[in-house]
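Just below is one structure, and these are the notes that go with it.
Please treat every number below as a calculation from the coordinates, not as lab data. Please read these numbers as outputs of a predicted model, since none were measured by experiment. Heads up, the Cβs are rebuilt from the backbone with ideal geometry, glycines too, and the neighbour counts pull from every protein chain shown.
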Amino acid sequence: MVCADALHYIGDDEIELGVGIHGEPGRVRRKIGPASELVEIATTAIFDDYPRRNSLIFAVHLWNPTGSEPKTIWEVLHRHKDIQYSSRVASHIARQRHVHKLRHVVSELVKYIPEDVRKDPVVQDLSEYGCRTQMHVVRLLVPRLDNENHTKDIDFSPSGIRLRWEAGYADTSRALLRKAWEDDCDPLEGVILHEPDA
């Protein structure tokens, strides 16, 4: 298969992550694998990018694992698919929150080391593990639609696509108007997760 301008080739059993909008080669090329592995690669690339910088990240979940308790077998099938296919990015974000908080703690601890000791090469190397950047993650869950059921993943009808697009656009617009990333937050937090408003 040829991608972009016939100068950039990718195999039928390969995938590239981080491809530029003009078809530039991606950050990672690998064999196609389970979605959970691809999510891990993508989130690691975002959170462990170096040099680290303050960021605003929108995590779009195409399956929504939340909602009221199912009352019928059809609702159980619907919820089962949502949970089965929902992104595992939440667990990756939880791990990254822990790692980035530790980076902030290291930066704070370095302040308590006397200036002359900070000049020691070993202390300087260790202090490099510290970081003061903050990454705000706005989680956007695909909205639930009225009369949606367990067949939504195969509904490519123009009306189904339009309804999902409109619902997603409305949710994203609300998140942009809300600007949760401008709220005060704990200075020790390196990754601040903003959940959708109920």
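Computed over neighbours whose Cβ is under 14 Å from that of S86, the net charge equals +4, Lys and Arg +1, Asp and Glu -1.
Normalised by the number of residues in the range 17-160, the average gap of Cα pairs under 8 Å and 6 or more apart makes the relative contact order 33 percent. Rounded to the nearest 10 degrees, the angle from helix 158-178 to the longest Cα principal axis of the chain is 30 degrees. Between V28 and L17, the built amide H atoms are under 5 Å apart, and every one of these is 5 or more places off in sequence or on another chain.
For the chain, the longest principal axis of the alpha carbon atoms and the long axis of helix 89-110 meet at an angle near 10°.
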